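Chemist: Sharing a structure with you now.
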Amino acid sequence: MRISTSWAQQTSVNSMLNQQSRLNQTQLQMNAGKKILTPSDDPAAASRIIDLNQSIKQTEQYQSNNDAARQRLTLEDGVLQSSVDILNRIEELGVQGLNATYNQSDRATIATEMEELNKQLVGYANTQNANGEYLFSGFKSTTQPFSKSNIVAGSVMAVVLSLAPTGTIIINGVATGNITTTANSTADRDSVIKAINDANVPGVTAMIDTDPPGSGGVRLEAADGRNIAAQFTGTLTQASTGVAAATAEPIIYVGTYRYAGDNNQRSIQIGETRKITDGDPGINVFGAPTPTTSPVTAVPPPGSIANIFEAIDQFAKDLRTNTPKQASLGDVSSALGKILNAQSSVGARLNALDSQEGFNTDYILNTKTVLSATEDLDYAEAISRFSQQTLALQASQQAFAQVKKLSLFNYL
Amino acid sequence: MSGILTTALSGLMASQRSLDTTGHNIANVNTVGYSRQRVEFSTNPAQFTGDGYIGQGVNVASVSRSYDQFITNQLTSSTSAFSETDTLSTLASQVDNITANEATGLSPALKSFFNAVNGVANDPTSIPAREVMTSTAGSLTQQFNGLSSQFEALRKQTNNQMQTSVDDINSYAKTIATLNGQIVTGSSRTSDGQLPNDLLDQRDALVNKLAEKISVSTIQQQDGSVSVFIGQGQSLVSGVKAANLSLEASKTDSSRQNILIDGQDISKQISGGELSGALKFRDEVLDPAQQQLGLVAAGFAVEFNKLHAAPGKAFDLNGVQGTDMFGLGVVPVSVIAAPGSTGSITAAYDPAKTGDLKPSDYRLDYSGSAYSLTRLSDNTLITLPPTFPGTPASVEGMTITQGSLPTGTSSFIIRPTFNAAKNMTTLITDPVKIAAAGSNIPGSLGPPVVPPTAIAGDNTVALGLANLEKTPGLLGGKATFNGAYGQLVAKVGSATHSAKISNSAQEALLNQAKQTQENLAGVNLDEEAANLIKFQQSYQAAAKVIAIASSLFDTLMGAVR
């Protein structure tokens, strides 16, 4: 067979180029440590790699969600433990105070300590986490959940003012003189304040509300910090339409403590299908304060006070007046029960976090193993391939050099 | 005595011609398309004498080239097939690299965005977490835009390549036509059909170059000229006339070039060569990739906004109703009327049916009495609800609305996904405006309107948004955003893979054809060296004969003297 000289050269060159390109591919693979350099090397594996990477990163994100939940639940657990310690002390004080041998001054001392401890407990209930979020206010995490209130909410009076009232306000059973105002007028607000103060309700003072600043409603404060009932009788007119408001309900406020949070619990995704709540609403832990809306209710008698702070305040007040009630101890121990329940629920959630974390770790490890098998280079195989290819290239180069020397022209 | 001189002279001449030709062969050893030439000898008619027929020496019958029409045709067709797959695989591997690259691919950006959304779900009140979410949203949008602009750049590059190919084809066709003229003249110069071998070689080489650009078929004419046909029998060169190929932008999409021959559209008939490789790349790799990317962008933006701006169900850190997080341009679904169409059509995404979106353009035709909708990716007729155009039609993840009825036959191109990645924007840069909460505290009754207040710790919407990552909401509820992007990578990857495989197969075939051709027509230097020796010797021998004749003559003269 005759061979064209230039083609013979070309084929040798082509073959060297091919060898070089294969060698280069192996070299790139070894540099990257990966079998698959571009999706076209193995399209099916490339798309599987995307899925696997996604899956790993997703689970890693769950792990960091898990850490966030753990940090908050651990904090809550600590707060609850401290609350339990305080309640134990209060229970102890209560038992002492109920001892018949104690006189009024002994009981007043106990009451003082009890009130201080209660303030501390309220402080715990208002704990904020590192982000400044309140632990126990549900979704309203920027709102302080519990506050001891001696205020009739300014906004409640603001409704009265905004609806152009004609009638009287009855406070703790004492009626004011007739109030006639137009809506939203500073002068009228002042006349309402004057009318209330003129009525001389024992221990109750009216003033301009500054909470929040600039709200400009009317605020009522009770000297003993308890039990104001305010009720409006008369007609309310919608300022914008001039029509009498259909639902002109009496405005009522009773109570010592307010819960400003809500009933919600925030969920955090800690696994593919697993969510966990990272806090508890304050009313589930510390009991709901006596309702502040209609119908009018007074704080219930000891033994059936749901809110722990109200119960302790009542207990302390009774001790001070030297009439402690045995039933108050029941309030304290039922409160303790509530907190312990919450604590065990937090513990259970922390356990769930642990088990989910273990599961996630295993999952990441398994997925990484599969990923490695799919995309990582088998170095032993690659190195032996590399040396084979080097050898082949060297052979081609030598053969080329040898053959090129052969020419009949050398002998002419 | 003069007989011996003439005979020796003819031998000298013949050897000289052969040495010339051998020299020519050696000189052209590296000339592409050169076919080695050979001097064909024949004996001169013998002289009849009483003693019988006395030979009269040698005569150069012709200079012929080693040539085989069949082998040449095979080389031409292999060249077309190879350069088509070569162009396709080169262009496709660019997309392949872009989509898989950690820096340019979508997956990492998508992942870090959803990590940030998770961060907001964990800490809905944290401004830093929200900052991270708005900034990763920005980089995700940039990633969509960037990928799309890389695709645009490839489209431009493809169009340029097509333009270059068309220019080359035109210039080759013109040269072939000119050569045709020269060859016809050259062959008719001699009565016994001597061929201008080098011109023939040049023409064959040009046809082969033409075959690199586009698949051609040739027919040899009686007069020595060759007719070249492209596509399905469209004549490119006929005798000394060459047709003109040109590109023209499509009327409904200016970025799309059609191929015309003397004004007639033959885009669909083109096969083989770089031109077809570029067309195939555009139609089978680039367009589907861009559509799929647009599908991910549109699906992502629509689904995200659906939750983030849900009326009465999503509120920002101020307690204000959430708004769209991502935008898709002023007119997200573009509708282009074909020239001569009347009436008006608008289209928009249907957030309730994002799963029905397909990575395709659509054509809405109006026959004069009824509408019909065609999905262009697979030419499927989509059934329009019977109430259309009275009420807007919800089909394929879009809502199509008739603005005004066309007065005659009309046609509209609807592009829900093609430009989505390019047009995507981030609308929210203020971290406070991220709607993570599912509830708020509305403003109080009556004036003064107290602004709504946030329930800052509520993360229900953020949780829902974070869950979008693993919700298979695209492609009929079968693919997540990342999954749909994975499909894009796999599609491009397998297109590139198969282009590479067929490229190496075609390369082997081409090399085989080249080898066959080279073995027949290529110059072998050893052979030429041997020929040199052979013809040198025959030249020397013929010269010796002249010397003998001379000495014979001297002998004779001496005898007479």
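Read-outs throughout are calculated quantities, based only on the coordinates presented, and are distinct from any laboratory measurement. Nothing here was measured: the structure is a model prediction, and the numbers come from that model. Virtual Cβ from ideal backbone geometry, glycine too; neighbours counted across all protein chains shown.
Chemist: In what order do B:GLU152, B:GLU527, B:GLU518 fall by count of nearby beta-carbon atoms within 10 Å, going from fewest to most?
Modeler: On the way: B:GLU152 14, B:GLU527 17, B:GLU518 24.
Ordered from fewest to most neighbouring Cβ atoms within 10 Å, B:GLU152, B:GLU527, B:GLU518 come out as B:GLU152, B:GLU527, B:GLU518.
Chemist: Taking each residue in B:528-536, count the Cβ atoms of any other chain within 10 Å of its Cβ, then average. What number comes out? Mind showing how you got there, number by number?
Modeler: On the way: counts 3, 6, 1, 0, 3, 3, 0, 0, 1.
That works out to 2 on average.
Chemist: What are the ³J(HN,Hα) couplings of the stretch A:88-97, residue after residue, when phi is run through the Karplus curve with 6.51, -1.76, 1.60 and θ = phi - 60°? Round to Hz, x for glycine and proline.
Modeler: So the J values, rounded to whole Hz, are 4, 5, 5, 4, 4, 4, x, 4, 4, x.
Chemist: Sticking with this structure for a sec: Which entries in A:LYS35/B:LYS111; A:LYS35/A:LYS368; A:LYS368/B:LYS491; B:LYS174/B:LYS241; A:LYS368/B:LYS111; A:LYS35/B:LYS500 show an alpha-carbon gap greater than 19 Å?
Modeler: Table pairs above 19 Å Cα-Cα are A:LYS35/B:LYS111; A:LYS368/B:LYS491.
Chemist: Using the 2.2 N^0.38 Å rule of thumb for compact globular proteins, work out how the stretch B:1-146 stacks up: its C-alpha Rg over that value, please. Could you put the intermediate results ahead of the total?
Modeler: Details: Rg = 39.0 Å, N = 146, 2.2 N^0.38 = 14.6 Å.
Scaled against compact globular proteins, the figure is 2.67.
Chemist: Separate question: Please compute, for peptide B:485-492, the average count of beta-carbon atoms on other protein chains lying within 10 Å of each residue's beta-carbon.
Modeler: On the way: counts 3, 9, 2, 3, 8, 8, 3, 5.
Mean number of neighbouring Cβ atoms from other chains: 5.
Chemist: Can you list the lysines whose alpha carbon sits under 23 Å from that of B:LYS544, skipping same-chain ones fewer than 8 residues off?
Modeler: Straight-line reach from B:LYS544, under 23 Å: B:LYS534.
Chemist: Calculate for the protein assembly as shown the 222 nm mean residue ellipticity that helices alone would give, adding -39,500 (n - 2.57) per DSSP H run of length 4 or more and normalising by residue count, nearest 500 deg cm²/dmol. Spell out each step's value before the answer.
Modeler: Values: 20 runs with 495 residues, N = 973.
Value at 222 nm, helices only: -18000 deg cm²/dmol.
Chemist: When you look at the Cβ of every residue in A:129-141, what mean number of other chain Cβ atoms sits within 10 Å?
Modeler: Details: counts 1, 2, 9, 2, 6, 2, 1, 0, 3, 3, 12, 8, 8.
Per-residue shielding by partner chains comes out at 4.
Chemist: Oh, and also: Taking the alpha-carbon centroid of each part, what is the distance from the stretch B:85-163 to the stretch A:110-151 in angstrom?
Modeler: 48 Å
Chemist: Okay, next question. Using per-residue counts of other Cβ atoms within 10 Å, averaged over each peptide, order B:485-491, B:54-60 from highest down.
Modeler: On the way: B:485-491: 23.9, B:54-60: 15.6.
Listed from highest to lowest mean packing, they are B:485-491, B:54-60.
Chemist: Would you mind working out the magnitude of the charge dipole of the protein assembly as shown relative to its Cα centre, with +1 at each Lys and Arg C-beta and -1 at each Asp and Glu C-beta, to the nearest 20 Debye? List each step's numbers first, then the result.
Modeler: Values: 66 positive and 83 negative charges, 378 e Å.
Magnitude of the dipole: close to 1820 debye.
Chemist: Here's something else I'd like to know. Fewest Cβ neighbours within 10 Å first, please rank B:LYS156, A:LYS325 accordingly.
Modeler: Numbers: B:LYS156 11, A:LYS325 17.
Ranked by crowding around the Cβ, least crowded first: B:LYS156, A:LYS325.
Chemist: Aspartates and glutamates within cross-link reach of B:LYS280: Cα-Cα under 18 Å, excluding same-chain residues under 8 positions apart?
Modeler: List returned: B:GLU84, B:ASP86, B:ASP96, B:GLU152, B:GLU212, B:GLU248, B:ASP253, B:ASP265, B:ASP361, B:ASP378.
Chemist: Given the Cα atoms of the stretch B:80-160, and with Rh set as the inverse mean 1/r over their pairs in the Kirkwood sense, what is Rg to Rh to two decimals?
Modeler: Details: Rg = 18.2 Å, Rh = 14.7 Å.
Reported Rg/Rh (Cα atoms, Kirkwood Rh): 1.23.
Chemist: Report, ordered by chain and residue number, the lysines lying within cross-link reach of A:LYS317, taken as a straight Cα distance under 30 Å and ignoring same-chain residues fewer than 8 apart.
Modeler: A:LYS119, A:LYS148, A:LYS325, A:LYS338
Chemist: Once each part is reduced to its C-alpha centroid, what is the distance from the stretch B:491-561 to the stretch B:166-237 in angstrom?
Modeler: 25 Å
Chemist: Placing +1 on the Cβ of each Lys and Arg and -1 on the Cβ of each Asp and Glu in the protein assembly as shown, which of B:ASN28, B:THR190, A:SER334 has its Cα farthest towards the positive end of the resulting dipole?
Modeler: B:THR190
Chemist: So who's got an amide H within less than 5 Å of the one on A:ILE36, skipping anything under 5 residues away but keeping other chains? H placed 1.01 Å off N, in plane.
Modeler: Placed amide hydrogens put nothing under 5 Å from A:ILE36.
Chemist: Here's another thing I want to ask about it. For A:ILE364, B:ILE434, B:ILE414, what's the fewest-to-most ordering of other Cβ within 10 Å of each Cβ? Display every interim value, and only then the final one.
Modeler: Numbers: A:ILE364 18, B:ILE434 28, B:ILE414 23.
Neighbour counts put them in this order, fewest first: A:ILE364, B:ILE414, B:ILE434.
Chemist: Take the protein assembly as shown, compute every pairwise Cα distance, and split them into 10 Å bins from 0; I just need the percent in each bin.
Modeler: Cα pair-distance distribution for the protein assembly as shown, in percent: 2, 8, 12, 13, 13, 11, 9, 8, 6, 5, 4, 3, 2, 1, 1, 1, 0, 0, 0.
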